[in-house]
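See below for the structure under consideration.
The values are calculated or read from the model by the stated rules, or taken from the named source; none is laboratory data. Please read all numbers here as calculations on a predicted model, not as lab measurements. A quick note on method: Cβ atoms are made from the backbone with ideal geometry, for glycine too, and the neighbour counts reach across all protein chains shown.
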Amino acid sequence: MLTNRYRRIACSDITVLRDERQRTDLVLDDLLPSIKARGVIQPIVVTEDLVLVCGERRLAASIKLGLHDIPARFASELDPIELQIIELEENLKRKDLSWEDQTRAIVRIHSLYHKLDPEWTQKQTADSIGLATSTVSMMIGVGTAALAGNERIAKATGWRQAHNTLAREVQRKNDTILADLTESITRPQGALAPPPVESIITADFTQWAPLYNGPLFNFLHCDFPFGISIHTSDQGNSDSYGGYEDDPNVYWELLESLATNENRILSSSAHMMFWFSMKYYCETRDFFSHRLPEWTLEDFPLVWLKSDNKGILPDPKRGPRRIYETCFIASRGDRLIVRAVANAYAAPTGTKSHQSEKPEPVLRHFMQMFVDEHSRILDPTAGSGSSLRAAESLGAAFVFGLEKNEEFAENARTALRNFRTLRAISK
Ligand SMILES: C[S@@+](CC[C@H](N)C(=O)[O-])C[C@H]1O[C@@H](n2cnc3c(N)ncnc32)[C@H](O)[C@@H]1O
């Protein structure tokens, strides 16, 4: 508690240097009734020349209520820590203060009080600045994370959103630790094993999955061949990139392999992004409910709108050009997302190195929901490897991809190497 030596000074003797004050309008409505009932309890602070240092609202309210004098303390008599607290508390009342500055100020006020009195509580800080204890406690959490440089907090649009982001962060971390511990009992070699040495290997997922015994992944990015025979289409530019087999049986075989081996490769607490063709919307949902019943499939898919209007025109006489792609979100173990983003994103197809490449900006946008430092991502049919680059740019713990086609895999490895070199240089 601040020391309480004060004297009473006539309100009319105090000078307010208006030009130097940050507040342009003074809201007194909340203050007038309490001063009327109890008088000014917290002294204002003035210089020896009676120039106001802080307490303008209390002074203005006293004048408005016709009070002759007001309790005041001289700034020169204050302990430097007390002075800092008073300045911060004054500053906190500014209407134009951003939520980031507000939370940082509350953290500083609380820690200064703590310096004066090690027994000081958050409730006392809350009482001192006139906010509810729960609010102050949340704001101290957010402000502390902001001061520590938490980037997700920096992206929040308000302190409540920042607080929710933090709460999810803690829960995701605990969730990951718990799942790892549980799985390390049933899979002593697997769950906590070190990440694979090579990030992208040339391999067939259907043959690799039954033999896998490494760390379990908690984020699966699936972009299987859609099974819509794109390799026989003359509209997919497959020749310029090198095509891949896209018969329906390729799609269903990959899905079947995923279902058979899910527990060998995926953690019990995991997210999945699953790109699919609308042609198999119902069949894919059915497959999930029968063969992957532990997974909850969101009703609303993610949508990538190709803003350059590129897409297949299957029947120019009967139907439109298809310029969007859809992706299911699935989760198991009630895993929380990192942060919510819009479920549609418009971006051009861009410069591609693979016929079916999902652009990194699109993936980064959606993956912000699923990827943080606890994410271990697997892409079983990685193609150009854009998903791995996107996840790595979002701070994933590690990324791993398979690609059956040797040339695609080699291009993806080169792209990932170049991406890592560029990141290292720009850091
Ligand atoms: C739709 S593309 C993936 C595109 C990728 N998401 C991208 O953004 O570049 C499907 C890829 O799966 C590969 N593929 C097909 N069957 C596979 C299998 N059994 N195992 C691994 N990769 C396979 C194909 O060669 C093709 O590159």
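Observations, loosely collected:
- Where helices (runs of 4 or more DSSP H) fall wholly inside segment 30-136, the ranges with 1 or more residues that are within 14 Å of R8 (Cα to Cα), of a type outside the set (G, A, S) and in contact (Cβ under 8 Å) with a residue 40 or more places away in the chain are 56-64.
- Test: residue in segment 139-157 that is among the basic types (K, R) and touching a residue at least 40 places away in the same chain (Cβ under 8 Å): yes
- Top-ranked residue in segment 352-372 [being basic (K, R) and within 12 Å of the ligand (Cβ to nearest atom); ranked as farthest from I265 (Cα to Cα)]: K352
- Members of segment 309-330 found to be acidic (D, E) and more than 27 Å from H221 (Cα to Cα), listed by number: D315
- Output for segment 396-427, where each listed residue is at pLDDT 95 or above and not in a helix (DSSP H, G or I): A396, V399, F400, G401, L402, E403, K404, N405
- Residue tally, condition touching a strand residue (DSSP E or B) at 6+ places or on another chain (Cβ under 9 Å), of a type outside the set (V, I, T) and not in a loop (DSSP other than H, G, I, E, B), over segment 287-338: 15
- In the set (1) more than 12 Å from the ligand (Cβ to nearest atom); (2) out of contact with any helix residue (DSSP H, G or I) (no Cβ under 9 Å at 6 or more places or on another chain); (3) of a type in the set (S, T, Y), S375 fails one condition alone, (2).
- Qualifying residue in segment 45-55 (condition: in contact with a helix residue (DSSP H, G or I) (Cβ under 6 Å, 6 or more places away or on another chain), modelled with pLDDT of 85 or more, hydroxyl-bearing (S, T, Y) and surrounded by 19 or more Cβ atoms within 10 Å (Cβ to Cβ)): no
- Among the residues listed as P215, P195, the single one being part of a loop (DSSP other than H, G, I, E, B), under 21 Å from T260 (Cα atoms) and touching a Gly at 6+ places or on another chain (Cβ under 8 Å): P215
- Residue match in segment 382-390 (condition: surrounded by 20 or more Cβ atoms within 10 Å (Cβ to Cβ), in the same structural domain as I201 (by TED's automatic domain parsing) and either away from the ligand (no atom under 14 Å from the Cβ) or free of Cβ contacts under 8 Å to residues at least 12 places away in the same chain (or both)): no
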